[in-house]
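**Student:** Provided herewith is a single structure, encoded as structure tokens, for subsequent inquiry.
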Amino acid sequence: MIDIAAYASLFLSAFLAATLIPAQSESVLAGLILAGGRPVLLLVAVASLGNILGSVLNWLIGRGVERFRGRSWFPASPAQLDRAQRHYSRFGYWSLLLAWVPVIGDPLTLVAGILREPLWRFLLLVSLGKVARYAVLAAGLGAFA
């Protein structure tokens with residue numbers, strides 16, 4: 001029987017962890033793997049899907065956020081946005097392979113939206129990095145042994 005609550009919790013934690021909201025999904029995935037009784041590939045797939053979709057939300061926000069630049073309530077100053085855009089432009093779209101990295105990954109996906117990175121390339125690179133991160137975590141726990 002499929003434990004919907006466990007998979008939903010994993011999906012939600014992975015989704016939130018990919019947004020600008022501070023959250024942790026690796027511990028949820030690790031806990032479910034260590035608890036046993038669930039297919040590891042399905043757990044990795046659910047975590048990856050949630051995390052990728054959270055990054056897509058950031059990308060979508062980035063597509064529309066430019067019009068709010070400079071407003072007093074906006075969480076980033078124009079200088080911070082300019083600096084992030086310069087870094088992204090300097091390292092290019094390949095930097096999206098690092099979208100899984102804590103602290104830099106979430107803003108990176110937002111900037112990709114601001115800079116109008118094509119969705120197909122965004123999805124490809126972000127997915128590669130995020131699936132690889134969860135697969136390495138699962139392998140490190142001996143889940144594939």
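Since every read-out is calculated from the coordinates, none of them should be taken as a lab result. Bear in mind that the values here come from a model prediction, so they are computed numbers and not experimental data.
**Student:** Let me know the Kirkwood hydrodynamic radius for the chain, please, with Cα pairs as the basis and the value in Å to one decimal.
**Tutor:** One decimal place: 15.8 Å for the Kirkwood radius.
**Student:** Could you check which residue among W59, W120, W94 shows the biggest mean-square fluctuation in a GNM of the chain with a 10 Å Cα cutoff?
**Tutor:** W120
**Student:** Let me ask something else. Roughly how far apart, in whole Å, are the Cα centres of segment 103-145 and segment 45-59?
**Tutor:** Answer, in whole Å: 8.
**Student:** Moving on. For a quick check: with amide H placed at 1.01 Å from N, whose amide H comes under 5 Å from E117's, ignoring anything fewer than 5 positions away on the same chain?
**Tutor:** For E117, no residues qualify.
**Student:** Can you bin segment 103-144 into rounded, prolate or oblate? Criterion: square roots of the alpha carbon gyration tensor eigenvalues sorted a ≥ b ≥ c, rounded for a/c under 1.5, prolate for a/b above b/c, oblate for the rest.
**Tutor:** It is oblate, given that a/c is not under 1.5 and a/b is not larger than b/c.
**Student:** Give me the angle, in degrees from 0 to 90, between the Cα long axis of helix 119-140 and the longest principal axis of the Cα atoms of the chain, rounded to the nearest 10.
**Tutor:** The two axes meet at around 40 degrees.
**Student:** Given the options S27, S48, S72, state which has the largest fluctuation in a GNM of the chain using a 10 Å cut-off (strictly under) for Cα springs.
**Tutor:** Maximum fluctuation in the GNM of the chain, among the listed residues, is at S72.
**Student:** Compare F122, F15, F91 in a GNM of the chain, Cα atoms joined below 10 Å, and give the one with the largest fluctuation.
**Tutor:** F91
**Student:** Expressed as an acute angle from 0 to 90° and rounded to the nearest 10, what is the orientation of the C-alpha long axis of helix 26-35 relative to the principal long axis of the chain?
**Tutor:** 10 degrees
**Student:** With angles folded into 0 to 90 degrees, how steeply does helix 40-65 sit against the dominant principal axis of the chain? Use alpha carbons for both and round to 10.
**Tutor:** 10 degrees
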